[in-house]
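Trainee: Quick one: the structure is below, questions incoming.
The values are calculated or read from the model by the stated rules, or taken from the named source; none is laboratory data. A quick note: this is a predicted structure, and the numbers were derived from the prediction, not measured. We place every Cβ from the backbone using ideal geometry, glycine too, and count neighbours over all the protein chains shown. Heads up: the accessible areas ignore ligands, DNA and RNA and are worked out on the full protein's heavy atoms, side chains in. Shrake-Rupley method; radii C 1.70, N 1.55, O 1.52, S 1.80 Å.
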Amino acid sequence: MSKEIGITVKKSEDFSEWYTQVVIKAELADYSLIKGFIVLRPYGYAIWENIKNIFDRMIKKLGHQNAYFPLFIPESLLKKEEEHFKGFTPEVFWVTHTGDTPLNERLAVRPTSETIAYASYAKWIKSWRDLPLLLNFWNSVLRAEIKSTKPFIRTSEFLWQEGHTVHETKEDADKEVMRILELYRRLIEDYLLIPVLKGFKSDKEKFVGALYTTTLEAVMPDGKVLQMGTSHNLGQNFSKPFDIKFIGRDGKQYYAWQTSWGISWRLIGAMIMTHGDDKGLIIPPKVAPLHIVIIPIFYNEEEKKKVEMKGKEVFNRLHKAKLRVIFDNREEYTPGWKFNEWELKGVPIRVEIGPRDLREGKVTLVRRDTSERVSVEEKFMVQEVRKLLKKIEKNLFAKAKAHLNNSIHIVKDYEEFKRLLDSKGGLLKACWCQKPVCEKKIKEETGADIRLIPLKKEKVFSNCIYCGDKASVVAYFGKAY
Ligand code: 86X
């Protein structure tokens, strides 16, 4: 493979350029004609489908159902909850015409579906017997991103799921918020192999429409912190303006309690950043479009025939074992070229079949994550592949976990806070008095905000990192993407 086709920068030297090259060259996505919008290519879409299928299975097990709401939201509806809408106005795309005829009322292209969904919820919910209502939407949303855009991480249109549930009591909504947060943790840690911290957002960072917001945060290799998912208790903040009421078990009328939660294709961006290396992508097996690529190696026509036959046989065995496998017997490329290409694309295991393997009744397995080679007897191949996939998962998660642990710094002093933030980034664990002004000043002076306050309150170990007054919580600060 030529230099232009492979990645030309080191991950450790120019992380941003490395990231972009991996996205484009591994054919996950491409830039489009419109700034801030990307094209999700088949290989990237296949990863999204895997993520979607995994999470879809999880929520359906808990009783959620999928639905679909319109792409357009009438302006009056979007502005019904004025407070919630205010800060977001610059991000909204508007439709003003059909053909050449101006519309009586502008239509917002959905930036999130609370308002359009809750207008329907108000009609559907009458009694406590209609609750809980557990719906989820797989769709795309549009938010004009002007400042900075980055494939998967920040784009003006993105694929996501948004869950919107309705409950009888605050406690039921609390439980829903937390069980979804735990599903997100499982998806992100056990499938995408990215360790996260769970926590609450501060009042400044929470969703304005929520009573409280919970979050999952991960630290990327450049020390920046990335929000991986979020789950809100909306309280009655929407049920009141949208008139979502129900007759309770006691015959009286109540406003309902709601939650909303989301994850997006940003998870693909986090996966690329976390696991990739100088050769390109490394895709965690459970979300990989392909687990295994088989590459035949031969030096003459006679060997070619035999290796080709064996390759097909091996393919069938792996395929029957429900492994995602491709037999790359393209004749227009050399084995070396194929190695590079599939390494760039992050396929976890390469199976090489050469004349010597044939003679010995073996195949050679090569790990993408460590480049380790093992020669295994053909009859044990399927079980060896399974073992190797498990080992790869363990290794990828352990490496990422070590990075997360090494990225958390305990700080008691503001000068050290600034020094660490500039030199290492990551998450700075510091005590805070919970006065908004300290949080605001820190953000202004350092660019770091409170990424999370741990779910289980941690013991305060100093005075407020900013003002020196008595502190009331431990917060994790960091610079966000
Ligand atoms: C906040 C809240 C919530 C469901 C989630 O975080 C997960 C999935 N929704 C989304 N949010 C907005 O409400 C919003 C509203 C407008 Cl009008 C906008 F232009 C941008 C927005 N961005 C985020």
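Trainee: Which number do you get for Rg(Cα) / (2.2 N^0.38 Å) in segment 115-220?
Mentor: 1.24
Trainee: Which whole-angstrom value gives the distance between the alpha carbon centres of segment 374-388 and segment 180-258?
Mentor: Distance between centres, Cα-based: 43 Å.
Trainee: To continue, here is another question. Which whole-angstrom value gives the distance between the alpha carbon centres of segment 389-453 and segment 63-99?
Mentor: A separation of 34 Å, based on Cα centres.
Trainee: Counting Lys and Arg as +1 and Asp and Glu as -1, each charge on the Cβ, what is the dipole of segment 288-391 about the Cα centre in debye, to the nearest 20?
Mentor: 580
Trainee: Among the lysines, which fall within straight-line cross-link reach of K206, defined as a Cα-Cα distance under 17 Å, with same-chain neighbours fewer than 8 residues apart omitted?
Mentor: K86, K198, K435, K440, K443, K479
Trainee: Also, quick follow-up: Show me, for segment 374-390, the HN-Hα J-couplings you get by feeding each phi into the Karplus relation (A = 6.51, B = -1.76, C = 1.60, θ = phi - 60°), rounded to Hz, glycine and proline as x.
Mentor: 3J(HN,Hα) across segment 374-390, in whole Hz: 9, 9, 10, 5, 3, 5, 9, 4, 4, 5, 5, 4, 4, 4, 5, 4, 4.
Trainee: Here is a further query. Using a 1.4 Å probe on the protein chains only, how many percent of the accessible area of segment 408-478 belongs to carbon and sulfur?
Mentor: Answer for segment 408-478: carbon and sulfur cover 50 percent of the accessible area.
Trainee: For the chain, what does the helix formula give at 222 nm: sum of -39500 (n - 2.57) over DSSP H segments with n ≥ 4, over the residue count, nearest 500 deg cm²/dmol?
Mentor: After summing the helix terms and dividing by the residues of the chain, the value is -10500 deg cm²/dmol.
Trainee: Can you work out the Karplus-derived ³J(HN,Hα) for every residue in segment 250-258? Use 6.51 cos²θ - 1.76 cosθ + 1.60 with θ = phi - 60°, whole Hz, and x for glycine or proline.
Mentor: Karplus-based 3J(HN,Hα) across segment 250-258 equals 8, x, 8, 9, 9, 6, 7, 10, 10 Hz.
Trainee: Follow-up. Relative contact order of the chain: what whole-number percent is it, with Cα pairs under 8 angstrom and at least 6 residues apart?
Mentor: So the answer I get is 14 percent.
Trainee: Between rounded, prolate and oblate, where does segment 288-391 land on the alpha carbon gyration tensor, with a ≥ b ≥ c its root eigenvalues, rounded for a/c under 1.5, else prolate if a/b exceeds b/c?
Mentor: oblate
Trainee: What ranking, highest mean first, results for peptides 129-137, 330-338, 27-35, 207-215 when packing means the other Cβ atoms within 10 Å averaged over each residue?
Mentor: Descending mean neighbour count gives 207-215, 129-137, 27-35, 330-338.
Trainee: In addition: Residue by residue through segment 42-57, what is 3J(HN,Hα) from phi via Karplus (6.51 cos²θ - 1.76 cosθ + 1.60, θ = phi - 60°)? Round to whole Hz and write x for glycine and proline.
Mentor: Ordered by residue, 3J(HN,Hα) equals x, 5, x, 4, 5, 5, 4, 4, 5, 4, 4, 5, 4, 6, 4, 4 Hz.
Trainee: If I take the Cα coordinates of segment 239-353 and project them onto the principal axes, what are the three extents in Å, biggest first?
Mentor: 84, 33, 19
Trainee: Skipping prolines and chain starts, which residues have an amide H placed within reach, meaning under 5 Å, of the one on K362, given they are 5 or more residues away or on another chain?
Mentor: The list, which skips near neighbours in sequence, is E378.
Trainee: Taking only the Cα atoms of segment 15-275, how large is their convex hull per residue, in Å³?
Mentor: Output value, Cα hull per residue: 137 Å³.
Trainee: Ignoring solvent entirely, what values of log10 I(q)/I(0) come out of the Debye formula for segment 408-478 at 0.24 Å⁻¹ when each Cα is a single scatterer?
Mentor: Result of the Debye calculation: -1.07.
Trainee: Could you point to the residue in F242, P289, W265 farthest towards the positive end of segment 221-298's charge dipole, with +1 and -1 charges on the Cβ of Lys/Arg and Asp/Glu respectively?
Mentor: F242
Trainee: Relative contact order, percent, of segment 288-391 when contacts are C-alpha pairs under 8 Å separated by at least 6 residues?
Mentor: Over segment 288-391, the number comes to 29 percent.
Trainee: Right, another one. Report relative contact order for segment 408-478 in percent, whole number only (criteria: Cα-Cα under 8 Å, sequence separation at least 6).
Mentor: It rounds to 41 percent for segment 408-478.
Trainee: For the chain, report the convex hull volume of the alpha-carbon atoms normalised per residue, in Å³, without decimals.
Mentor: Dividing the Cα hull volume of the chain by its residue count gives 176 Å³.
Trainee: Given a Förster distance of 25 angstrom, what is the FRET efficiency for T20 paired with L71, based on the Cβ-Cβ distance and rounded to 0.05?
Mentor: 0.30
Trainee: Please list, in chain and number order, the residues 5+ apart from R41 or on another chain whose amide H is under 5 Å from its amide H, with Hs placed from the backbone.
Mentor: Those qualifying (amide H under 5 Å, at least 5 residues apart or on another chain) are A29, D30.
Trainee: Assuming R0 = 45 Å, can you tell me the calculated FRET efficiency for the pair K440 and K390, based on Cβ-Cβ distance, to the nearest 0.05?
Mentor: Computed FRET efficiency for K440 and K390: 0.45.
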